[in-house]
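Have a look at the structure below before the remarks.
The values are calculated or read from the model by the stated rules, or taken from the named source; none is laboratory data. Keep in mind it's a predicted model, so treat the numbers as computed, not measured. Note: ideal-geometry Cβ built from the backbone for every residue, glycine included; neighbour counts use all protein chains shown.
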Amino acid sequence: MARIAVIGAGTGAMAAAARLSVAGHRVTVYERSETYGGSLGRYARDGFVFDTGPGLLHLPAVYRDLFVKTGKESLEQCVTLTQVDPASRHLFADGTAVSLPNASRAGVTGALDRALGEGAGARWGDFLDRAGIAWNRSRRPLLEEPLPEDRQTLGRDPYPGVRRRRLLRGARQAGTPAEVGAWELADPRLAALLDGYALSYGLDPRRAPAAAALLPYMEETFGSWYVGGGMRALADAVYERCLARKVDFVFGAEVVRVSEKDGRAAGVELADGTGVEADHVVLGAQPAPGLLPVREEPPAGTQGAPVPGRFLVMLSLRNAREAGAVHRTVVHTGDPGAEQEAVFGGRTAHEPTVTVLRPDDPATRPDQEHEAVTLMATVAPHGPVDWTDGALRERFAEVVTGRGAEAVPGLRGRILHAEVRTPAETAAETGAGGGSVPPPALAGAGGAYLHPGNRSPLPGLYLAGGWSHPGGGTAHAGMSGALVAGLVVEGDGFRGSR
Ligand SMILES: Cc1cc2nc3c(=O)[nH]c(=O)nc-3n(C[C@H](O)[C@H](O)[C@H](O)COP(=O)(O)OP(=O)(O)OC[C@H]3O[C@@H](n4cnc5c(N)ncnc54)[C@H](O)[C@@H]3O)c2cc1C
């Protein structure tokens, strides 16, 4: 039995903790705040309840596996999971609207044909077929296995772009989501659809590898799921599972340094000066400067540019949700170039893409005569934009609310209360610099969109959570927990979690 110190109680770290405890280790989680879950937070006021992080779950199989491997009760016995159908509604700048059914390729192509014109569905379907090839090529090494020593094996873009002849310049295939949009989808609304997926994960459609096509493929193939009560309920369930497996939690315990002895991790030092010895240390957060005794690798996909965060407006509304209201609506920008310049250039966008979340869940509202609605935009992190500036917060909240009003009838007249969350609050909740939200790892671009591996260069120190392989997002962080547990339990010979 080894003593394992886990830093942070985010979902990736907790997933590792539960698995390691089941494997017979003594696991203690040191969390600097007074609660678990990190990004999976909850804001409640006067009977209205909101997620302060992601509102939907993708790839629930990752958490099904966690619950199967760590106890008797399945994920579905611990949380209520429902498929969100339609998965999303899209409002494009030219006034076109389309609702895409959940996990139904035929349904999606049919809906696109009807809304965007004959042929649009086939183009999107052909694109998803190519994205499926990319998924099959990179799924195991990217999601289910530790990062290979030779990162170059993931340096090539797995997306099989259509080769395009260019006058006098030879053939080329699309290398970014923006090029896929322009060359293969050939409709500004389909291009906006793909851009919107990339942006919602914090990726720049002009620079990310075309392998970002995996994201719509993943959502449209495996579905979008809502956790009853909100995503915080998933964090509750993972925490409860950890407690049931005898994981210890110490809250209000900020780790300031991972200690090293004889060339390996030997424990953690807490802000109050306490030193804790451990045989293995698992870091489940972005390493603050000086936390690690080894050189830190830069986060993936940044290429020097700041990683975006999220801006939320949580609205308590009077009057009932109208019949047939859609759970998730994306209000697309009319000027994708300007929005991308702003988000990745450290400014606020004039016309941001806004995701409107309207769960039909009685647990989120005081009664049937009210509704809780969250508006979310991907934005530049705190730093380049000063998100503590009250006037700026108010101005941008006004812009986001105006965009949200395009999706919710009579929105402005229904507002009882609006609560704003910016990357400045995310930084406080997760410890990530500037409140950046880590994007999922992608193959391609010579490996620039990969995160540091789960086994650090310092023996005995492992990395879990969104800032390590395979990157950000609830499902990806859950995978990182499985990979860390496999590496600790089976050692360097561990080749994958399935
Ligand atoms: C507003 C928002 C929207 C998001 N939207 C989406 C989405 O739409 N889709 C999606 O897939 N993902 C989304 N994410 C990302 C997703 O929530 C996370 O990637 C996922 O929850 C994994 O988190 P994690 O395991 O990396 O830990 P985190 O949630 O980052 O938590 C880290 C924990 O470590 C603690 N900690 C940090 N430093 C220390 C220290 N030195 N000592 C002790 N404790 C420490 C923090 O207090 C925190 O509790 C969103 C995140 C946010 C904030």
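Show the residue pairs that are 6+ apart or on different chains and have beta-carbon atoms under 7 Å apart, the first residue being within the stretch 279-293 and on the phi > 0 side of the Ramachandran plot, the second being assigned to a strand (DSSP E or B) and more than 7 Å from the ligand (Cβ to nearest atom).
GLY290/ARG257
If I go through the stretch 459-480 residue by residue, how many of them are part of a helix (DSSP H, G or I) and either hydroxyl-bearing (Ser, Thr, Tyr) or modelled with pLDDT under 95 (or both)?
Of the stretch 459-480, the ones part of a helix (DSSP H, G or I) are 474-480.
Those left that are additionally either hydroxyl-bearing (Ser, Thr, Tyr) or modelled with pLDDT under 95 (or both): 474, 480.
Total satisfying the criteria: 2.
Could you tell me which numbered condition GLY413 fails, if it satisfies all but one of (1) among the small types (Gly, Ala, Ser); (2) in contact with a Ser or Thr (Cβ under 7 Å, 6 or more places away or on another chain); (3) more than 13 Å from the ligand (Cβ to nearest atom)?
(2)
Quick check on my filter: what residues within the stretch 435-458 are on the phi > 0 side of the Ramachandran plot and either surrounded by 22 or more Cβ atoms within 10 Å (Cβ to Cβ) or within 12 Å of the ligand (Cβ to nearest atom) (or both)?
Taking the stretch 435-458 and keeping what is on the phi > 0 side of the Ramachandran plot, we get 435, 444-447.
Listed by number, the residues that qualify are GLY435, GLY444, ALA445.
What are the pairs with Cβ atoms under 7 angstrom where one residue, in the stretch 29-50, is over 18 Å from ALA233 (Cβ atoms) and the other, located anywhere, is assigned to a loop (DSSP other than H, G, I, E, B) and more than 11 Å from the ligand (Cβ to nearest atom)? Sequence gap at least six, or different chains.
Pairs found: VAL29/VAL247; ASP46/PRO366.
Scan the stretch 22-56 for residues that are more than 8 Å from the ligand (Cβ to nearest atom), farther than 15 Å from GLY230 by Cβ and surrounded by fewer than 24 Cβ atoms within 10 Å (Cβ to Cβ) and jot them down.
Scanning the stretch 22-56 gives VAL22, ALA23, GLY24, HIS25, ARG26, THR28, GLU34, ASP46.
Exactly one condition in (1) outside any loop (DSSP other than H, G, I, E, B); (2) touching a Pro at 6+ places or on another chain (Cβ under 7 Å) is not met by PRO86; state its number.
Exception for PRO86: condition (1).
Name the residues in the stretch 316-354 that are closer than 26 Å to PRO101 by Cα and touching a strand residue (DSSP E or B) at 6+ places or on another chain (Cβ under 8 Å), would you?
ALA320, ARG321, VAL326, HIS327, ARG328, THR329, VAL330, VAL331, HIS332, PRO352, THR353, VAL354
Of the residues VAL307, VAL385, VAL281, VAL331, which single one is within 14 Å of the ligand (Cβ to nearest atom), closer than 29 Å to ALA208 by Cβ and buried (at least 16 other Cβ atoms within 10 Å of the Cβ)?
Details: VAL385 fails: within 14 Å of the ligand (Cβ to nearest atom); VAL281 fails: closer than 29 Å to ALA208 by Cβ; VAL331 fails: within 14 Å of the ligand (Cβ to nearest atom).
After ruling out the rest, the residue left standing is VAL307.
Which one of ALA485, ALA464 is surrounded by 24 or more Cβ atoms within 10 Å (Cβ to Cβ) and more than 13 Å from the ligand (Cβ to nearest atom)?
On the way: ALA464 fails: more than 13 Å from the ligand (Cβ to nearest atom).
Result: ALA485 is the single residue among ALA485, ALA464 that is surrounded by 24 or more Cβ atoms within 10 Å (Cβ to Cβ) and more than 13 Å from the ligand (Cβ to nearest atom).
Answer yes or no as to whether TYR197 is in contact with a Pro (Cβ under 6 Å, 6 or more places away or on another chain) and either polar (S, T, N, Q) or within 16 Å of the ligand (Cβ to nearest atom) (or both). Don't jump to the end; show me each part of the working.
Working: in contact with a Pro (Cβ under 6 Å, 6 or more places away or on another chain): yes; either polar (S, T, N, Q) or within 16 Å of the ligand (Cβ to nearest atom) (or both): yes.
In short, yes.
Of the residues ALA2, ALA15, which single one is touching a helix residue (DSSP H, G or I) at 6+ places or on another chain (Cβ under 8 Å) and within 12 Å of the ligand (Cβ to nearest atom)? Explain how you work it out, then say what you get.
Working: ALA2 fails: within 12 Å of the ligand (Cβ to nearest atom).
After ruling out the rest, the residue left standing is ALA15.
Which is surrounded by 23 or more Cβ atoms within 10 Å (Cβ to Cβ) and under 18 Å from VAL227 (Cα atoms), of ALA377, ALA372?
ALA372
Being assigned to a loop (DSSP other than H, G, I, E, B) and surrounded by fewer than 19 Cβ atoms within 10 Å (Cβ to Cβ), is that true of even one residue in the stretch 61-72?
We begin by selecting, within the stretch 61-72, every residue assigned to a loop (DSSP other than H, G, I, E, B); these are 71-72.
With surrounded by fewer than 19 Cβ atoms within 10 Å (Cβ to Cβ) added as a condition, the list becomes 71-72.
Yes, the stretch 61-72 has at least one match.
Pairs needed: first member in the stretch 251-274, more than 16 Å from TYR462 (Cα to Cα) and charged (D, E, K, R); second member anywhere, within 12 Å of the ligand (Cβ to nearest atom) and in a loop (DSSP other than H, G, I, E, B); C-beta distance under 6 Å; at least 6 residues apart or different chains.
GLU254/ARG32; GLU254/ALA271
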